[in-house]
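Asker: Got a structure for you, written out below as structure tokens; questions coming shortly.
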Amino acid sequence: MACAVQRCAEHPDDVWALHGLVECLKRRGESEELPGLQAKLAAALARTDVPIISSWLCRTSVQTGHGCCH
């Protein structure tokens, strides 16, 4: 039986995932991990050829009042 690689391990430091995680931590007011993740996001953004302004390519607005997962 083959060992499946967890999806998060397939593309570590994915720009979309990092953007979403940083956004979520900011909204929740969590700051302990934020500086390190912001640095990783900045490095990932430096490698992109299109502007990344959300955690999903098709997301056109940010909903407020529903936490970080809506």
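Asker: Pick from the stretch 10-35 the residues that are small (Gly, Ala, Ser) and either in contact with a His (Cβ under 7 Å, 6 or more places away or on another chain) or surrounded by 10 or more Cβ atoms within 10 Å (Cβ to Cβ) (or both): which of them is nearest to Thr48 (Cα to Cα)?
Answerer: Kept after step one, since they are small (Gly, Ala, Ser), are these residues of the stretch 10-35: 17, 20, 29, 31.
Next, only the ones that are either in contact with a His (Cβ under 7 Å, 6 or more places away or on another chain) or surrounded by 10 or more Cβ atoms within 10 Å (Cβ to Cβ) (or both) stay: 17, 20.
Values: Ala17: 14, Gly20: 16 Å.
For the stretch 10-35, the residue satisfying everything is Ala17.
Asker: Considering every residue within the stretch 49-65, establish whether at least one is loosely packed, with under 14 Cβ neighbours inside 10 Å and modelled with pLDDT of 90 or more. Show your work before the answer.
Answerer: To start, the set of residues in the stretch 49-65 that are loosely packed, with under 14 Cβ neighbours inside 10 Å comprises 49-51, 53, 56-65.
Keeping just the survivors that are modelled with pLDDT of 90 or more gives 49.
For the stretch 49-65, residues loosely packed, with under 14 Cβ neighbours inside 10 Å and modelled with pLDDT of 90 or more: present.
Asker: Also: Quick one: which residue in Cys8, Cys24 is of a type in the set (A, V, I, L, M, F, W, C) and at pLDDT below 70?
Answerer: Just a single option satisfies the conditions, and that option is Cys8.
The values are calculated or read from the model by the stated rules, or taken from the named source; none is laboratory data. Predicted model only: the values in this text are computed from it and were never measured. All Cβ positions, even for glycine, are placed from backbone atoms using ideal geometry, and neighbour counts span all protein chains on display.
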